[in-house]
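Values quoted throughout were computed directly from the atomic coordinates according to the rules given, and no laboratory measurement underlies them. Computed from a predicted model, the values in this text were never measured in an experiment. Every residue, glycine among them, receives a Cβ derived from its backbone with ideal geometry; neighbour counts consider all protein chains shown.
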């Protein structure tokens with residue numbers, strides 16, 4: 001599974017903190033992978049954004 005992180009990754013007292021960006025399906029897959037191998041995690045925040053299907057262009 002490829003799920004790119006966004007810099008920076010902070011490590012404090014054996015805990016990692018990092019930002020990731022992805023779709024709901026990607027987050028579900030990432031969560032399931034962590035749970036399957038027994039890695040505890042804590043979601044600190046979530047930001048969602050609705051995206052339009054329209055293509056935005058600028059005329060020349």
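If I model a spin label at residue 23 and residue 9 as a point 7 Å from the Cα along the Cα→Cβ vector, what separation in nanometres do I get?
My value for the distance between the label points is 2.5 nm.
Full-extension gain between residue 42 and residue 30, please, as 0.36 nm times their residue separation minus the C-alpha to C-alpha distance.
Between residue 42 and residue 30, full extension yields an extra 3.1 nm.
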